[in-house]
1. Averaging sequence separations of C-alpha pairs under 8 Å and six or more residues apart, then dividing by the length of chain B, give the relative contact order as a whole percent.
2. Taking only Cα atoms of chain B, what ratio of Rg to Rh do you get with Rh as the Kirkwood inverse-distance radius?
3. Quick one: if you stick a label point 7 Å off each Cα along the C-beta vector at A:ALA114 and B:ASP145, how many nm between them?
4. Among A:ALA236, A:ILE66, A:SER263, which residue has its Cα furthest toward the positive end of the charge dipole of chain A, with +1 on Lys/Arg Cβ and -1 on Asp/Glu Cβ?
5. Provide the net charge surrounding A:VAL100, with neighbours chosen by a C-beta distance below 12 Å and charges set as Lys +1, Arg +1, Asp -1, Glu -1.
6. Need one number: nm distance between label points at B:ASP240 and A:ASP72, each 7 Å from Cα along Cα→Cβ, rounded to one decimal.
7. Kindly put B:ILE229, B:ILE35, A:ILE21 in sequence by how many other C-beta atoms sit within 10 Å of each C-beta, fewest to most.
8. Which length gain, in nm to one decimal place, applies between A:VAL277 and A:ASP60 when the Cα-Cα distance is subtracted from 0.36 nm times their residue separation?
Amino acid sequence: MSDYNFAYLDEQTKRMIRRAILKGLAIPGYQVPFASREMPMPYGWGTGGVQVSAAVLTPDDTFKVIDQGADDTTNAVSIRRFFQKTAGVAITEATSKASVIQTRHRIPEENLRADQILVYQVPIPEPLRFLEPSEVETRKMHALEEYGLMHVKLYEDISQHGDIATAYAYPVKVEGRYVMDPSPIPKFDNPKLEMAGIQLFGAGREQRIYAIPPYTQVVSLDFDDYPFQPTKADHACDLCAAEDSYLDELIVDDEGGRMFMCSDTDYCANRRKQGHVGAQGVPYAEDQA
Amino acid sequence: MTPLLQVENIAKFYGARIGCTDVSFDLYPGEVMGIVGESGSGKSTLLNCLAGHLTPDRGAVRFDTRADGLRDTVTMSEPERRMLSRTDWAFVHQHARDGLRMNVSAGGNVGERLMAVNARHYGQIRDKAIDWLGRVEIGEDRIDDRPTAFSGGMQQRLQIARNLVTGPRLVFMDEPTGGLDVSVQARLLDLLRGLVREMNLSAIIVTHDLAVVRLLADRLMVMKDGHVIETGLTDQVLDDPQHAYTQLLVSSVLQV
């Protein structure tokens, strides 16, 4: 471990990021600017999340990375290896064993505990961005709590699709003050934003960090006559038969064959270990994992 | 009777150049005031100072707020001023594109001000949008179309609907008929005149078109080089101009 400083970043940088994180926790939902560093990966691959993870990791931590819920995709594997190499921390695929979880686009199905930290990778932290291109103006809107525009987006959804069609990155209001983009998690995950663990959001290219402290009130925006509804595919997991988890749809042949399966691979594997078998699944065997 | 708007010695300078200076007037509820003058005479600068888009270098603009009477909008805090500009004030831009969200449907454009003052019931917002589109003669079937699909005259009418939906008391208009052909202008003026009467609106209209003020304005203010050179009742100023420049202005209108 002489090749790198612990967790890649130098101590001054980590200190700077920790200050931003603390400020973010003190003002839930507020986007704190920070001096984002170049990371050895392209923007859009989680440079913000990696920097936040680097700043919160300690040698005793157990680290888990998920990408769209899965532990075994390229992005997840390479970030996990990165910290294995630069920080020498223990790694795991089990949600319950991890103390720091970096995630892209999902919240694990299993409820997180108070001693766990969830780090999100955020592409565009500004929820108002696609409606108001000016950063000066959006900052002013946040400062003055002028959030009418956010509802214009939802209005447009209903007028065009008959329902609030926004399915991911669904805007939320944190602790009755700041409107926040929860990163592109499916709106199915929005109710889980009120949790026991600490949630940190890092946007590397946009140079913003924000946070939700444990047990903070997080309300998904909606209309009185079109209330917020978390949605998922109307199906059970074909591997583990779970009916309460968020599903991926997989096309399996060119004859219209498809299967639905949990996007959270760890959750699915655990259920199969416990003996649950879905419509297209086979009983769990050790060598498969 | 308290004036709705009390303007006192407003001045705005661009470096050493004068934008407008020494402008004072009172505007009473239900009154429409026209400001005419040639290009560069300071009309738009004055309007932007009154509407809070520019900060004047001198003077006071007092508005009769619902809560605590006359308040100076120049020195009031920004949140208060922005609150006024989306409730009691309306601003109609010369180019509808500046006042509309072009990538949001007509209904969304009208509904935005309602949602900005915490309307959270989709059905009610939509009903109100349909009502207002009807009042400005835009068909209900166009409610989900974007303004990009509208003609210039329709865009301008949509902008007016969007501004008036929250029932403002004071409307600022910057060349509302500029860039429209004459028949569309005539219909728009007709519509504006109706709305102003019906809602008992006060308005300040900046224009270089004397026909517009003849139709709409009760009182007239003529500006040149940043100064007000003549004020009075519209008909009085237009039919019996006193100042040499006003005489020139009135005689410059082309007769068909």
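No value in this document is a laboratory result; all are computed from the given coordinates. Note that the structure is a prediction, hence the values are computed from the model and not measured. Every residue, glycine as well, gets a Cβ built from its backbone with ideal geometry; the counts of neighbours run over all protein chains shown.
1. So the answer I get is 26 percent.
2. Taking Rg over the Kirkwood Rh, I get 0.97.
3. 6.0 nm
4. The one lying farthest along the dipole's positive direction is A:ILE66.
5. Values: positive: A:LYS64, A:ARG80, A:LYS97; negative: A:ASP60, A:ASP61, A:ASP115.
Summing Lys/Arg as +1 and Asp/Glu as -1 gives 0.
6. With each label placed 7 Å out from Cα toward Cβ, I get 9.5 nm.
7. On the way: B:ILE229 17, B:ILE35 30, A:ILE21 24.
Least crowded to most crowded, the residues run B:ILE229, A:ILE21, B:ILE35.
8. Working: separation 217, 0.36 × 217 = 78.12 nm, distance 3.60 nm.
74.5 nm is the gain from fully extending A:VAL277 to A:ASP60.
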